[in-house]
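The values are calculated or read from the model by the stated rules, or taken from the named source; none is laboratory data. None of these values were measured; they are calculated from a predicted model. All Cβ positions, even for glycine, are placed from backbone atoms using ideal geometry, and neighbour counts span all protein chains on display. Only protein heavy atoms, including side chains, enter the accessible area calculation; ligands, DNA and RNA are left aside. Shrake-Rupley method; radii C 1.70, N 1.55, O 1.52, S 1.80 Å.
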Amino acid sequence: MDESLKAVYTAILDGQHKASAGAVQASLDSGVAPAAILNEGMVAAMAEVGRLFEEGEYFVPEMLIAARAMQSGLAVLKPHLVEANIQSVGKVAIGTVKGDLHDIGKNLVAMMLEGAAFEIIDLGSDVSPEKFVEAVKNSGAQVIAMSALLTTTMPNMKTTIEALKAAGVRDQVKVMIGGAPVTQKYAEDIGADGYSQDASKAVALARSLVG
Ligand code: B1M
């Protein structure tokens, strides 16, 4: 791995948020592609954090400080990931489902969509089905984008689709879903309109849903 990418990886793994921002900047300055910094440095470090957590070497506090370091690195990377587009191509209301506090992947998807000229309504994390329904009724979102990182919160994607149906707005909106435990099959099973595995594929999916 390139030395500057290694510094990004290590800063996130060790939860050093100032070092993370500095290492991302240094990587950019040395000409490393933003996508490589994101995927080979940052996302890879978060995957290792998850592995260490699973093995009982990291605990929730370590995951939290790693997440904070990831976020400060992302703030530096954001302008380089998103292109400057002016005219909105559609409105997306995005959130992590009820009971789930993981927001890094969701933020990344929001960032990439924003860069592809989508107007984003960020509902945050731990978003109830009612809040998604409200967003469709009040904001005119054409797409609802739901993220889930826990197997225990994934079912809230289904509950949200059911709430959209019960409120009579399911036909007004497309639903796309994603997150580590989510699959294409799960999307089909719960009647979502689309699934994407990562943030860049989410852009292509959103474009096809509003197109
Ligand atoms: Co937690 N956590 N966590 N965690 N956490 C995981 C998810 C876990 C896999 C770790 C592990 O055991 N290996 C595990 C889940 C196990 C399971 O359900 N099968 C887990 C657990 C168990 C928990 C707690 C229950 C721990 C506890 O309290 N005992 C707890 C739950 C809290 C809650 O939500 N109610 C918890 C808490 C936390 C923190 C708060 C400490 C922190 C989150 C901080 C934050 O987000 N602000 C945290 C973290 C950091 C992680 C790991 C280490 C990293 C997640 C991450 O940010 N990845 C994670 C391990 C792992 O993922 N390997 C883990 C980087 C991010 C860029 O990837 O979010 O997958 P990801 O997003 C990807 C794709 O999935 C996709 O695009 C992104 C990449 O381009 N994507 C979409 C995501 N959303 C999408 C939506 C789309 C399309 C694509 O369309 C709408």
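Mind giving me the nanometre distance, one decimal, between the label points for Ala75 and Phe53, set 7 Å out from Cα along Cα→Cβ?
2.2 nm
Tell me, what ³J(HN,Hα) does each residue in the stretch 197-211 have, in order and in whole Hz, if you take phi through Karplus 6.51 cos²θ - 1.76 cosθ + 1.60 with θ = phi - 60° and put x for Gly and Pro?
These are the phi-based 3J(HN,Hα) values: 7, 8, 5, 6, 5, 5, 5, 4, 5, 4, 4, 5, 6, 8, x Hz.
When the accessible area of the chain is computed with all protein chains present and a 1.4 Å probe, what percentage of it is carbon and sulfur?
54 percent
Non-local amide H neighbours of Glu119 (under 5 Å, H modeled in plane, Pro and chain starts lacking H): which ones?
Val89, Gly90, Lys91, Val92
Considering only Gly99, Ile177, Ala110, whose Cα is most displaced toward the positive end of the charge dipole of the stretch 91-210, charges sitting on Cβ of Lys, Arg (+1) and Asp, Glu (-1)?
Towards the positive end, the residue furthest out is Ile177.
Through the Karplus equation 6.51 cos²θ - 1.76 cosθ + 1.60, θ set to phi - 60°, convert the phi angles of the stretch 173-188 into ³J(HN,Hα) values in whole Hz; use x for Gly and Pro.
With the stated coefficients, the stretch 173-188 comes to 9, 9, 10, 10, 9, x, x, 3, x, 7, 10, 4, 5, 4, 4, 5 Hz.
Out of the stretch 1-100, which GluC sites (Glu not before Pro) are coil in DSSP terms and have no more than 14 other C-beta atoms within 10 Å?
Within the stretch 1-100, the qualifying GluC sites (Glu not before Pro) (loop, at most 14 other Cβ atoms within 10 Å) are Glu55, Glu57, Glu83.
Can you classify the stretch 110-180 as rounded, prolate or oblate using the Cα gyration tensor, where a ≥ b ≥ c are the square roots of its eigenvalues, rounded means a/c under 1.5, and otherwise it's prolate if a/b beats b/c and oblate if not?
The shape class here is oblate.
How would you classify the stretch 1-146 from its alpha-carbon gyration tensor, with a ≥ b ≥ c the square roots of the eigenvalues: rounded for a/c under 1.5, else prolate if a/b is greater than b/c, otherwise oblate?
Oblate shape, in that a/c is at least 1.5 and b/c is the bigger or equal ratio.
Starting at the first residue of the stretch 111-122, write each ³J(HN,Hα) from the Karplus equation 6.51 cos²θ - 1.76 cosθ + 1.60 with θ = phi - 60°, in whole Hz, x for Gly and Pro.
Karplus values, whole Hz, x for Gly and Pro: 4, 5, 5, 4, x, 9, 6, 7, 7, 10, 10, 8.
Quick query: amide H of Val127 versus all other amide H atoms, modeled in the peptide plane; which residues come in under 5 Å with a sequence gap of 5 or more or a different chain?
Long-range HN contacts for Val127: Thr96, Val97, Lys98, Gly99, Asp100.
What accessible area per residue, rounded to a whole number of Å², is obtained for the chain using a probe radius of 1.4 Å?
Result: 48 Å² of accessible area for each residue.
For a label point 7 angstrom out from the Cα of Asn138 toward its Cβ, which stretches of the stretch 94-126 have the backbone nitrogen within less than 16 Å?
Only 94-95, 121-125 pass the distance filter.
Does the stretch 85-211 come out rounded, prolate or oblate, given a ≥ b ≥ c as the square roots of the eigenvalues of its C-alpha gyration tensor, rounded meaning a/c under 1.5 and, failing that, prolate meaning a/b above b/c?
Taking the square roots of the gyration eigenvalues as a ≥ b ≥ c, the stretch 85-211 is rounded.
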